[in-house]
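Below is one structure, written out as structure tokens; comments come after it.
The values are calculated or read from the model by the stated rules, or taken from the named source; none is laboratory data. Remember, it's a predicted structure, so these values are computed and weren't measured experimentally. All Cβ positions, glycine included, derive from the backbone under ideal geometry; neighbour counts span all protein chains shown. The area values use the complete protein model at the heavy-atom level, side chains included, leaving out ligands, DNA and RNA. Shrake-Rupley method; radii C 1.70, N 1.55, O 1.52, S 1.80 Å.
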Amino acid sequence: QQETDRLVSTLNRLLHYNLGKGRTARIADEIEALKHYVMLQGVRYNFHFDIRIQADPVMLMHPIPRFILQPLVENSIHHGLQSKSGDGGVIEVAVKEEGGTHVVLEVRDNGYGMTEAELQRMIAGGSETASKTGMGIGWQYVRRMLDWQYGGAAGMQVASGIGSGTTITLRLPIDRRGGEDDAESDGRG
């Protein structure tokens with residue numbers, strides 16, 4: 001009963017956060033939602049993996065589009081970690097400032113990795129292979145969200161190799177307007 005209550009409560013918090021995905025949030029909010037998501041996926045797939053987060057505390061208060069880390073971690077879980085045999089999957093999320101003008105968010109896994117051809121298909125998106133396997137759907141969503149939010153001012157890179165996992169790096173301009181969520185600042189929260 002206690003475990004069921006914990007799972008329902010976690011799911012409720014995650015859904016509440018994701019329902020506001022059109023508004024910005026703080027990086028701290030995005031990371032908290034990510035922790036909830038990873039815990040639920042571990043239960044769903046009965047697969048043990050560890051999420052490690054290293055974040056510059058100052059960066060945690062900066063605004064960020066909602067729901068951009070979860071699709072990247074989801075790709076790590078589905079296309080990287082689950083293809084490994086046994087437990088021991090690790091996802092590392094790093095948040096740091098770069099040059100006083102950008103925040104860099106990095107999602108790295110120790111999963112199977114991708115060949116150069118698979119990587120290029122994912123980056124190109126829209127291919128029949130990507131649609132059938134789900135590979136690259138999260139990547140494409142995040143790329144569209146960054147283009148919409150930042151125009152050409154944000155960058156996104158992916159590096160992967162068979163046996164060496166996958167690393168996705170987002171480089172976002174720092175928004176100096178503050179880190180309050182729209183819902184909290186206008187009374188809707």
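Of everything in the range 73-92 that's among the polar types (S, T, N, Q) and at pLDDT below 70, which residue is surrounded by the fewest Cβ atoms within 10 Å (Cβ to Cβ)? Let's see the steps before the verdict.
Let us first name the residues in the range 73-92 that are among the polar types (S, T, N, Q), namely 75-76, 82-83, 85.
Retained after the next criterion (residues that are at pLDDT below 70): 82-83, 85.
Values: GLN82: 16, SER83: 11, SER85: 7.
The qualifying residue surrounded by the fewest Cβ atoms within 10 Å (Cβ to Cβ) is SER85.
What number of residues within the range 93-111 are open to solvent by 50 Å² or more (accessible area, probe 1.4 Å) and either farther than 19 Å from GLN70 by Cα or modelled with pLDDT of 90 or more (or both)?
The qualifying residues number 6.
From the residues in the range 112-137 that are open to solvent by 20 Å² or more (accessible area, probe 1.4 Å), among the small types (Gly, Ala, Ser) and part of a helix (DSSP H, G or I), which one is modelled with the lowest pLDDT?
SER131
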